[in-house]
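Here's the structure, in structure tokens; my notes come after.
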Amino acid sequence: MNKDDLLKLDNQLCFAFYTCSREIIRQYKPYLDKLGITYTQYVTMLVLWESPKISVKGLGDKLYLDSGTLTPLLKRLEASGLITRERDAMDERSVIISLTPKGKDIQKSAYEIPEKIFCSTGLSVDEAISLREQIKKLIRQMNPK
């Protein structure tokens, strides 16, 4: 690869990830619209469906988001009646996020989403798993905790 090739758009790993991410999120949109949530709210709900109570810090760690990004997101989810936020009784500095019954209920409607998105990729199960693991490895290498 010559020096000029380094700055070609099609040679940029970041652009491939960016465009792929945008396309995947676009694929999710019609399903999430039915639930009344955005993609970022969806991944937040995924964490909460696994852990119905979690601190804002713990949630941020899982989603790789800072509190400045999480706070407005959580306020919107709370206004929608999907979560509650309350100070931790043991540590007033910590805020605990909990699912509401409504937040638990929309999980039933979300079960179809991963399969529909997977089908839209055209990947085999093995290809999807391999790609996901490679991306997770790249994330760990770029962001060791």
* **Check on Glu133, more than 18 Å from Val43 (Cβ to Cβ) and among the charged types (D, E, K, R)** => yes
* Sort out which residues of the stretch 52-70 are more than 10 Å from the chain's Cα centre (by Cα) and surrounded by 15 or more Cβ atoms within 10 Å (Cβ to Cβ), and write them in order of number. => Ile54, Ser55, Val56, Gly58, Leu59, Gly60, Leu70
* What's the number of the condition Ser94 fails, among (1) closer than 16 Å to Leu48 by Cα; (2) among the small types (Gly, Ala, Ser); (3) touching a Lys or Arg at 6+ places or on another chain (Cβ under 8 Å)? -> (1)
* Asked: Exactly one of (1) assigned to a helix (DSSP H, G or I); (2) surrounded by 12 or more Cβ atoms within 10 Å (Cβ to Cβ); (3) among the β-branched types (Val, Ile, Thr) is unmet by Ile129. Its number?
  -> (2)
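Matching residues to (1) under 22 Å from Asn143 (Cβ atoms); (2) of a type outside the set (Gly, Ala, Ser):
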position: Ile37; (1), (2): no, yes
position: Glu50; (1), (2): yes, yes
position: Lys57; (1), (2): yes, yes
position: Ala89; (1), (2): no, no
position: Arg93; (1), (2): no, yes
position: Leu99; (1), (2): no, yes
position: Thr121; (1), (2): no, yes
position: Val125; (1), (2): no, yes
* Identify the single condition in (1) crowded, with 17+ Cβ neighbours inside 10 Å; (2) closer than 19 Å to Pro101 by Cβ; (3) in contact with a helix residue (DSSP H, G or I) (Cβ under 6 Å, 6 or more places away or on another chain); (4) not aliphatic (A, V, I, L, M) that Thr44 does not satisfy, given that it satisfies every other one. => (3)
* Taking the stretch 73-121 as the region of interest, how many residues are over 20 Å from Ile37 (Cβ atoms) and basic (Lys, Arg)? -> 2
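Results for (1) over 22 Å from Arg26 (Cα atoms); (2) polar (S, T, N, Q); (3) in contact with a helix residue (DSSP H, G or I) (Cβ under 7 Å, 6 or more places away or on another chain), shown as yes or no for each residue.
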position	(1), (2), (3)
Arg93	yes, no, no
Pro114	no, no, no
Ile117	no, no, yes
Lys136	no, no, no
* Among the candidates Ser109, Ser120, which residue alone is under 30 Å from Thr71 (Cα atoms) and either out of contact with any strand residue (DSSP E or B) (no Cβ under 9 Å at 6 or more places or on another chain) or assigned to a helix (DSSP H, G or I) (or both)? -> Ser109
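FYI, it's all coordinate maths here, none of it is from the lab. All of these numbers come straight from a predicted model, not from anything done at the bench. In this analysis, Cβ positions are derived from the backbone assuming ideal geometry, glycine residues included, and neighbour counts consider all displayed protein chains.
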